[in-house]
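Just below is one structure, and these are the notes that go with it.
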Amino acid sequence: MPDLLIVGAGPAGLSATNKAGQLGLDCVVVDENTSAGGQYYRQPPVAWANDRPSDRLLRGRAKIERATAAATFRLGCAVYGIDAEHRIWLDQDGSVERVEPACVLLATGAYDRPVAFPGWTLPGVMSAGSAQALIKSQQVRPGARAVVAGSGPFLYVVALELLHAGVHVIEVIEAATVRSALPFLPDSMRYPARLAELVGYALPLLRAGVRIRRGAMISSAGGDQRLEEVRVRPVRSGANDPPLERVIDADLLCVGYGFAASTELAQLAGCTLAWDRGLQQNVPAYDEWQATSADGVFVAGEASGLGGAPVAECEGELAAIGVARHLGRISDAGAQRMAEPIRSRLRRLRRFASLLPRLFPAPPELAELARPETIVCRCQNVTFERALEAVTHAGATTLNEVKTTTRCGMGWCQGRICGGLLPSLLAQRAGTGFDPASGFTARNPVRPVQVSSLAAIGRVEPSDHGGPGPDHP
Amino acid sequence: MDASSSPQLDRLAGPRRGSALTIDVDGEPIPCFAGETIAVAILTVRSWISQDAVRRRGLYCGIGVCFECVVAVEGVPGIRACITLVHEGMFVQTRLDAEIDA
Amino acid sequence: MDTLSKSAPACDPGQRLTADVVVIGAGIIGASCAFALARAGLAVHLVERDAPARGTSGACEGNLVLWDRPTSADLHLAMWSHQRWAELAVELPAQTGIDIEYDRKGSLMIVRDEGDVAAAQVKCAWLAAEGVPLEWLDQAGVHAAEPDLAPDIALAVHFPADAQIEPRLATAALVSAARGLGARIHNHEAVLSIESSEAATMVQTVRHRITASWVVVAAGVWTPDVLRMLGVDLQVSARKGQIAIVAGAPIKVHHKVMEASYMTTVANDETELQVAAVVEATRAGSILMGSSRLLTHPNDRRVDLEVVNRIVAKGVSLFPGLASGKVVRSYAGVRPLSPDHSPIIGPLPMAPRVVLATGHEGGGVMMGAATGDLVACLIAGRAAPVPFEPYLPSRFFSH
Ligand SMILES: Cc1cc2nc3c(=O)[nH]c(=O)nc-3n(C[C@H](O)[C@H](O)[C@H](O)COP(=O)(O)OP(=O)(O)OC[C@H]3O[C@@H](n4cnc5c(N)ncnc54)[C@H](O)[C@@H]3O)c2cc1C
Ligand SMILES: Cc1cc2nc3c(=O)[nH]c(=O)nc-3n(C[C@H](O)[C@H](O)[C@H](O)COP(=O)(O)OP(=O)(O)OC[C@H]3O[C@@H](n4cnc5c(N)ncnc54)[C@H](O)[C@@H]3O)c2cc1C
Ligand code: FES
């Protein structure tokens, strides 16, 4: 069994792999994607020739090549479960396997934070990250006429990528305003290069005639079975104030109001969680080596808090050093020596990262948008009205209680989407002390797994429990 | 083809794609290229990926997290079209109706 | 949220309250007790440290099945409960707007192994004599009833009266109905201590001090912890069971389908893992697969994925078509098991104002409706359709 199993081959996982390789750790990397890179270094299929690869793509490719030499990679392989003994269950194309590595690094990343508004389930409405992935890895134009709505630098990155892909980007709807950002500007000025990077995204957009609306947000999406129009409103217009709404014809709406961390595996491993202000959710707590409260379980990257790719990379390296130290492969002093420069870099990066959610907060007004008939659990088509009733009629104060009576969170996605939007939505709309920090209890399997695959190994009576009951096959 | 079903996606001209192949979506042949996802193959011919009893479904997260895009492949349900690559002759079912509702 | 009752005195959130009865635990059992007591006109406070159906009653199936009951005491309570659920299935939605998804779908006991035939015959003779409707099905009958069952299954017993409810919704509906009758619900409020005298009892929670004439302890596998507050030792063991939920399988499961060996796993005292196939469909369209039994500690709700594999393998052997579905979720619950496998319902001999209602093991949903009524009869001093004696806690304290 390996020294280290790394879940996730994004910036965090790849940096950890490269560092672990240098430290002589026997390492396996698992990612359910068919190519390595995660979100930031997302790659097109290897066989596709590309005449004008971006700088980031090339850096990613180099990093992946180095990591591939340093560890065993298992791509297209999902970690579908982890139990309290840290036995880890893998599903590769329907073939199921159990591994028991000495240590695990959870570098499972994040996903776009879901927001429910009328029409958000129409085909053509997607997360900003989704549009980006379509362009970067599949090299397609995700729509003809696009509106990009959300908050933060990622919007401009995506808008620019859409533009380059030939999409007519009509407007960027940014919730933040210069005024709302003002209190944080002095702090931000200490990072001129990063600010210049932000401006660098916005300028070409403006030059291409893309309107950037600040202080505005999505209101609803409409269309017959697909997106045809987007309605936007000033953030502060009071709930449903039709006169202030504008209608934009579009067949693509990209929504990006920040990210949510993928923490199910950490929860199942028994890691202690802590509230993250930037993400507005509970994430695994970790120490100066990226070690969680669960023995031998480490976290790095967006899975444990906002930061962006550079932070994820530093955390990945630190985690690898932490694992080597934990396994006694390097001395504490040696580990400290190696960690010091990384830590000082991290401190600076994190300071900037922590400014972003303050410069670009997701507006609380988003919670005004869902109407009674708006679907909040996409898997089960549960409406907002039903979820709200669980609170106002049945007295639910936590998300798990809402699940009990509505089936929210019981579908294919295991509650990642409704679990990401309901806590703040219900806390604001129910007005009865619903706990905005509550979430669904994570359940194995974290990815659906085929019955036949499990049955194939379940039929073999494990020698350690030869149940003498009358149930021998 | 009415406006509500015209394709969501177009392939960009630049890159050289993988070899041409055909998948079978609910009995209809759909041409596509090695290296593409099922979602891309379907959305280059229409505006939605699947349909349940309540509504048409497209892409949402696009990275394998939300399961909005699930289809059945060779009879196996719950396959995420956004992260699953096509192969020649792949049989994809996109009518979920009541049956896949967990 | 909390509705002040007409009968329960208004509370000064500072903390002292009085009531006729305090019910500890809002699982299906405590909820049923609170409802039955409130209906009997008593001022009830239902105290739950989490929220309704967050214990075992939120991690189980909802079968109202008679044939797996291991003892006559269980069976008689279950038969009464069977009838009560049919009535509640109409009453509760009318009173609360919550549909408990009652479905009289019938159950099938699959008799597959030669060895099970004799046991099934003995069991069925007993059940028939007790008045449980049943019919034996041959190969053609089995497959007419469940066309997707494995073709080699040639013998089964059909119990047409068996039914199913959604236990979380049923618990929620009972709590809501109790509230509608004036009961006061204290969620997220753990009981810390209990004092009991001849005349009254006092329950101290994290927020209130409630004086009451009676206390009902319906704390499931945590009942021993609550009794320890009174210095009383009573064994209620925790038998963990796991469920795997399957979506997308292209089959129909019409009845509740169980292997005959299931009844053995219920009745024995095995401490090692036991697995017997149980398969049922829910109204939402997913298919639930059970069952496992493993003696554990009360707070062990961890899913063992090895056990999921074994459950799934068993389920597929009954319904081969399940193989192409996917497991989307699994969870575990802990069944409260009494030393003699029958429920424990009635006053504690050393503290007669403390009434227990637990120990239902794998039949708490089945027996839940009648358990509430039985407790209400005991407290109100009324006769019940079944004798009290077989359930009394005194049977464990006689010597
Ligand atoms: C869609 C999207 C696009 C983004 N684009 C940008 C961008 O352009 N620029 C930017 O600065 N930031 C971007 N971000 C933010 C981004 O998350 C970070 O900058 C960076 O990618 C974080 O790296 P990471 O290694 O922590 O996680 P990720 O890069 O997200 O990598 C996590 C990996 O874990 C894998 N994984 C998760 N769970 C499992 C499992 N159970 N089994 C197997 N594998 C699993 C995933 O497939 C994924 O490849 C994006 C985020 C998202 C969600
Ligand atoms: C996998 C599985 C499948 C099952 N299937 C069936 C079935 O099909 N049919 C059937 O009839 N039965 C079934 N059962 C059995 C059934 O679930 C139980 O018998 C029943 O739920 C027990 O209910 P309860 O109210 O006694 O316990 P619980 O639901 O556990 O309720 C006890 C409550 O007491 C609370 N509590 C504990 N201590 C305190 C305290 N100090 N202060 C305040 N509150 C406290 C707890 O939080 C809890 O909510 C199954 C069980 C399992 C595990
Ligand atoms: S679009 Fe979210 S999983 Fe495919």
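Quick look at the values:
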| item | result |
| --- | --- |
| Residues in region C:34-63 that a label on C:Ala384 would reach, taking backbone N under 13 Å of a point 7 Å out along Cα→Cβ | C:34, C:36-37 |
| Nitroxide proxy distance, nm - points 7 Å out along Cα→Cβ at A:Arg145 and A:Gln428 | 2.9 nm |
| Cut-off 20 Å, label 7 Å out along Cα→Cβ of B:Val54, residues of region A:406-441 by amide N | A:406-427, A:429-430, A:440 |
| Unmatched cysteines, chain A - criterion: no other Cβ of a Cys under 4.7 angstrom | A:Cys27, A:Cys77, A:Cys103, A:Cys254, A:Cys271, A:Cys314, A:Cys379, A:Cys413 |
| Share, in percent, of DSSP beta bridges within chain A that are antiparallel, nearest 5 | 50 percent |
| Sequence-separation-based contact order of chain C, relative, with Cα cut under 8 Å and 6+ spacing, percent | 24 percent |
| Relative packing of A:195-201, A:120-126, which averages over residues the other C-beta atoms within 10 Å, highest first | A:120-126, A:195-201 |
| Straight-distance crosslink candidates among aspartates and glutamates, where the alpha carbon sits under 13 Å from C:Lys252 and sequence neighbours closer than 8 are dropped | B:Glu99, C:Glu146, C:Asp148, C:Glu280 |
| Span from the region C:283-312 Cα centroid across to the region A:342-406 one, whole angstrom | 30 Å |
| Cα centroid of region C:90-116 to Cα centroid of region A:52-105, whole Å | 44 Å |
| Gain on full stretching of the segment that runs from C:Gln15 to C:Ala140 - 0.36 nm per residue minus C-alpha separation | 38.5 nm |
| Cα→Cβ-extended label distance, 7 Å offset, between A:Glu197 and A:Arg56, nm | 0.9 nm |
| Chain A: calculated mean residue ellipticity at 222 nm from DSSP helix runs of at least 4, using -39500 (n - 2.57) | -11000 deg cm²/dmol |
| Span-like helix ranges in chain C, DSSP H, alpha carbon extent 18 angstrom or more, Kyte mean at least -1.0 | C:72-96, C:114-129, C:167-180, C:305-318, C:364-380 |
| Assigned charges on the beta-carbon of Lys, Arg, Asp, Glu; region A:106-257 dipole about Cα centre (debye) | 380 debye |
| Simple spin-label estimate for C:Arg283 and A:Asp249 in nanometres, 7 Å along Cα-Cβ | 4.6 nm |
| Mean separation of Cα contacts under 8 Å (6+ apart) over length of region A:370-429, as relative contact order % | 33 percent |
| C-alpha center-to-center spacing [region A:13-43, region B:1-80] in angstrom | 28 Å |
| Listed pairs A:Lys63/A:Lys403; C:Lys123/C:Lys314; A:Lys403/C:Lys326 exceeding 31 Å between Cα atoms | A:Lys63/A:Lys403 |
| Relative contact order (percent, whole number), region A:344-464, Cα cutoff 8 Å, 6+ residue spacing | 20 percent |
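Laboratory data are not the source of any read-out in this text; all were calculated from the coordinates shown. It should be emphasised that the depicted structure is a prediction, and the values quoted were computed from it without experimental measurement. Heads up, the Cβs are rebuilt from the backbone with ideal geometry, glycines too, and the neighbour counts pull from every protein chain shown.
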